[in-house]
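To keep things clear, I will list the structure first and then write my remarks on it.
Readers should treat all values here as calculations from the given coordinates under stated rules, not as data from a laboratory. What you see is a predicted model, and the numbers here were worked out from it, not measured in a lab. Here the Cβ positions follow ideal geometry from the backbone for every residue, glycine too, while neighbour counts run over all protein chains shown.
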Amino acid sequence: MSVFAGSGLGCVRGERPVFRQLSFAVESGTGLTLAGPNGAGKSSLLRLMAGLLQPAAGGLIWDGAAVTDDPEAHRARIAWIGHGDGVKPGLTALENARFWAEIAGATASSAAAALDRFGLAHLADTPARFLSQGQRRRLALARLVVARRSLWLLDEPTVGLDAASVAGFEAVLADHCRAGGMAVLATHIRIAVPGGQVLALGRTPARAAAEAR
């Protein structure tokens with residue numbers, strides 16, 4: 001069983017502290033939901049976890065070793081989905097999925113299987129520029145099935161999805177964790193996440209007042 005953890009993390013954007021003394025731990029087979037208002041630091045924390053930002057304090061740990069000891073190994077275990085869908089509009093849905101499969105070193109057949117898992121098989125030959133917002137988002141999420149990374153870092157993964165598509169994503173997430181994977185996701189809606197851990201970011205008025213004393 002693997003454990004991904006952060007200890008005493010601090011983040012500063014510009015000259016403004018976003019969060020400080022933040023800690024978490026996620027085990028294989030579970031997920032962690034980041035909750036909080038806009039500007040609380042959810043996206044910044046995900047970017048720290050992905051190595052796209054450096055913490056102002058504290059550090060990230062994988063199975064007891066600092067992530068900075070082997071950053072390439074950490075990048076190889078991550079699947080990242082941010083606000084953008086990363087879809088190439090000039091390629092068909094299947095060509096996009098095959099492109100991601102090639103980058104991930106996966107088989108071409110995994111691309112078609114990923115489209116099918118997200119209900120996009122009938123749109124395989126459709127150029128991505130003709131897909132709806134929800135279809136493009138599902139295509140972006142199909143990358144998770146193609147890449148098969150152990151750690152999913154997801155920033156508002158269900159944006160643009162209807163209720164049925166959210167349920168489909170929850171099923172994919174459950175399968176990932178059941179197979180020993182882990183996930184950290186920022187979301188403003190209720191999503192069923194294995195393990196049910198929630199990390200709330202953002203100071204309450206009482207805490208802010210206490211810190212100002």
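Tabulated values for the structure
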{"read-out": "Förster-model FRET efficiency, 35 Å R0, Arg75 and Glu15, C-beta, rounded to 0.05", "value": "0.75"}
{"read-out": "Projected label distance in nm at Phe99 and His122, using a 7 Å step from Cα toward the beta-carbon", "value": "2.5 nm"}
{"read-out": "Tensor-based shape of the stretch 56-151 (alpha-carbon gyration tensor, a/c under 1.5 rounded, otherwise prolate or oblate)", "value": "prolate"}
{"read-out": "Nearest-20 debye value, the chain charge dipole, Cβ charges on Lys, Arg, Asp, Glu", "value": "500 debye"}
{"read-out": "Total charge dipole magnitude, the stretch 78-149, about the Cα centre, Cβ charges on Lys, Arg, Asp, Glu only, Debye to nearest 20", "value": "200 debye"}
{"read-out": "Helix-derived mean residue ellipticity, 222 nm - over the chain, DSSP H n ≥ 4, -39500 (n - 2.57), to 500", "value": "-11000 deg cm²/dmol"}
{"read-out": "Dipole magnitude of the stretch 1-124, debye to nearest 20 (Cβ charges: Lys/Arg +1, Asp/Glu -1, about Cα centre)", "value": "400 debye"}
{"read-out": "Cβ crowding within 10 Å averaged over residues, with 157-169, 11-23 ranked highest first", "value": "157-169, 11-23"}
{"read-out": "Binned Cα-Cα distance frequencies in the chain - 5 Å width, integer %", "value": "1, 7, 14, 18, 19, 15, 12, 8, 3, 1, 1, 0, 0"}
